[in-house]
Amino acid sequence: MAAAAADEAKLESFLQWLQVAPSPFPSLLQLLCSQSPKVLNPDPSHPQANGADLRGCTIRACGAGKGFGVFSTAAPEPGARDGVVLVVPLDLAITPMRVLQDQLVGPRCRALYEEGGVDDRLLVMLFLMAERRRPGSLWKPYLDMLPTTFGSSLWFSEEELAELEGTTLYRATVIQRKSMQSLFDEKVKGLVEELLHVDDSASSTEVVFEDFLWANSIFWTRALNIPLPRSYVFPGLCGDQHTRTDDDVCDSGLPAHQETDVTAKDSTADENSRSSNTESIWVEGLVPGIDFCNHIDVKALATWEVDSVGNATGVPASMYLMLADKSSVEAGAEIYINYGNKGNEELLYLYGFVIDNNPDDYLMVHYPVEALRQIQSADIKMRLLEILKGALRCLLPRSLLDNGFFGIRSNEDKDNKKNISPISSYSWSGQRKVPSYLHKIVFSQDFMSTLRTIAMQDHELEQVASLLGEVGSSEDREPSDAEIQSAVWEVCGDQGALGLLVDLLRVKMAELEEGSGTEASDTQLLEEFDSIHSEDYASGKDENSKRKLKINNRSCIVYRRGQKQLTRLFLREAEYLLELSANEQT
C-alpha cells in the first residue's frame, strides 16, 4: 500500500510538471554561433514549465509492478482532432541540444562535446546521471517516474546470466559489461562528479557504476530518433539554409542521422515542394510523456509524429501521439506503440522482455576469426576474403525459413528466380552447372562465398590462381571481386561450403545445449514455470522481487529455446542442401 501511494504521488507530481505552460529556451544555433553564449533561466513563475497537452489520454500505473503506461480517456477532450491524444513541445525533449543549453552543466558539456571527449549519446547519459543525483533538478518529477532497475540481460545476476550460457546474448552481455565498467572507471565517473561539483547541494554525492548502468538503460529503452524541424534548430542564422548540407549539420556539432525502427513523419511536409523549414535533422532524445507508451507485438494503436509549424496540433515544434484508428480504441485501453520488428535477443538485451514464438527472431552464425588463422593456407585465404570483403557472420531471420525446402512456400513454383544468387550468372569455362536447388538456399551468398574460400583445399587454391592468372595475363589488370567469386565457385562448387556450414550449426547447437539441455527440456521448464507462476499469482504468494526473478528466468528460457529451435531448423536446411549438392556433384 505504501509503495502504491508513493507511485501515485510521483505520478500526480509528474502530470502537473508535464502540463504547465512553457517558457522560452535559446536555440542550439544561438549557442553554437555565440562566442559567449548566454543560457536563459526558466521563467521563475513556472520553474518546471513544459506545456504538454493530454487531450485524449492519461498516464497511470499498469499494475503488477509493470511500471506506467499511456491509457485512453473515457472520451476525447475538447480540441482533440484527427486522433491526436498527446502533444509534447520539442523543447521538453532531453537531447544533446538541451544538455548544451543547461544553465549549470551546459558550458562544461559544450567544451567536452567540441573537444570530442563525448559523443551525443554519452552526453545525454552523463546529463541523466547528474540530474538524477541533483536534489533540485528541474527534471526531478520526470526522473522520479522512471524505472530504477531493468529486466535486460545487463542487469542480470550471475545466476540469471548463467541461464544464457552458450548463446550469442551471453557473450555480448559479458563483453558489454566489461566495456561499460572500463568506460565508467576511466571517464564517466570523473565527468559526472565534475558536473555535480557545479551545484553545491550535489557536490558530495558519490557516483557509482549502477548510475551509469541506469542511464544507459534509460537511454536505450526510451530514446526516440526525433526528426527535428530545420527551422527549429536553425532559426535563420549562420548562412543560407537552402544551401546547407547534412555535413554542415554534423560540423556544427549536431548528431548525424541515425536509422530508426519506428516510423515518424513530419505532418507539415509537402511531398512536391518541401521547403528548408520543414526538412528534418534527426536527433536522438527522450520525450517525457510519449516515452511512457509501451510496446505491443501486434498492430500498434498509435504512432508518434512531429508537427513542425502546428498544423496538426496547434502547437508549433511539437511531437504528438496519434491513434491509428480512434474508433477502435475503447475507453481505458492502454495505448501501445510498436518498437519495430525485433528478435528476442535484441528485446532481452535492450528492453528486458521477450515475445513467445517471436516471428522476428533471428539466429547469428559466425566463423570464428581465431579458427580462421589456424586453417590450411590461412594467409592466402585471409587475403582473398579481404579483397572480397568476405562476411564471417550470417544473420538468419526466422522468415527466411518460409522460402526454404521445409517452409510454408516449399511447394511454390521452383522456377521462381527472384531469390537466385548472382552465381547463376557467373561464367568461366562453363564446366560447372548452376545447381537446381539455388533458388531454395536460405543462406546469404556473401556468407556462402566466405565458406567456399575457407573450405578450399590447396590444390583447389592452385586451380583458382590459375584461372585468375588468365585474366591478368590477357587483359593486364587485376581480377574483379566478381571474377574471384566466379573462379572459386567454378573450382569448388558448394560441397565444401555446405559441409562447413553444417559443422558450424552443429557446434552452435552443442554450445546451446551444453548447459541448459535440449529444446524439449526448455519447453517443459516453461510449462512448469507458467503453471506454478499462475498458482502463485492467484494466491498472492508471489512477491514482486521473487516474481521479477522468475520472469527474468522465464525470459532466458524463451530466448534460448528460440535459438535452439532456429538452429535445428536451419541445420535441417543445410543438411538437405549438402545432400542435394553431393548428389548433383556425382
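So here's what we get for this one:
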| read-out | value |
| --- | --- |
| Label-point separation, Q457 to A582 (7 Å along Cα→Cβ), nm | 1.6 nm |
| D402/D325 FRET efficiency (R0 41 Å; Cβ-Cβ; nearest 0.05) | 0.90 |
| Cα→Cβ-extended label distance, 7 Å offset, between D503 and E165, nm | 2.6 nm |
| Cα Rg, Dmax (largest Cα-Cα span) when computed across segment 305-362, Å | 16.1, 43 |
| Overall Cα dimensions of segment 149-192, principal axis frame, Å, largest first | 35, 20, 13 |
| Loop-located trypsin sites (Lys or Arg not before Pro) in segment 50-155 whose Cβ has at most 15 other Cβ within 10 Å (DSSP) | K66, R81 |
| Global form of segment 340-413, assessed from the alpha-carbon gyration tensor, a/c cut-off 1.5 | oblate |
| Segment 278-411: radius of gyration over Cα atoms, expressed as a fraction of 2.2 N^0.38 Å | 1.59 |
| FRET efficiency for R393 and A5, using Cβ-Cβ distance with R0 set to 35 Å, rounded to 0.05 | 0.10 |
| Cα-based shape type of segment 113-170, given that a ≥ b ≥ c are square roots of the gyration tensor eigenvalues and the cut on a/c is 1.5 | oblate |
| Alpha-carbon centroids, segment 146-192 and segment 445-471: separation in whole Å | 41 Å |
| Solvent-accessible area of R222 with every protein chain in place, 1.4 Å probe, in Å² to the nearest 10 | 30 Å² |
| Cα-based convex hull, segment 123-211, per residue volume (Å³, whole number) | 105 Å³ |
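The values are calculated or read from the model by the stated rules, or taken from the named source; none is laboratory data. Keep in mind that this is a model prediction, so the values were computed, not measured. When we count neighbours, we look across all protein chains shown, and the Cβ atoms used for this are built from the backbone with ideal geometry, even at glycine. SASA here: full protein model, heavy atoms, side chains in, ligands and nucleic acids out. Shrake-Rupley method; radii C 1.70, N 1.55, O 1.52, S 1.80 Å.
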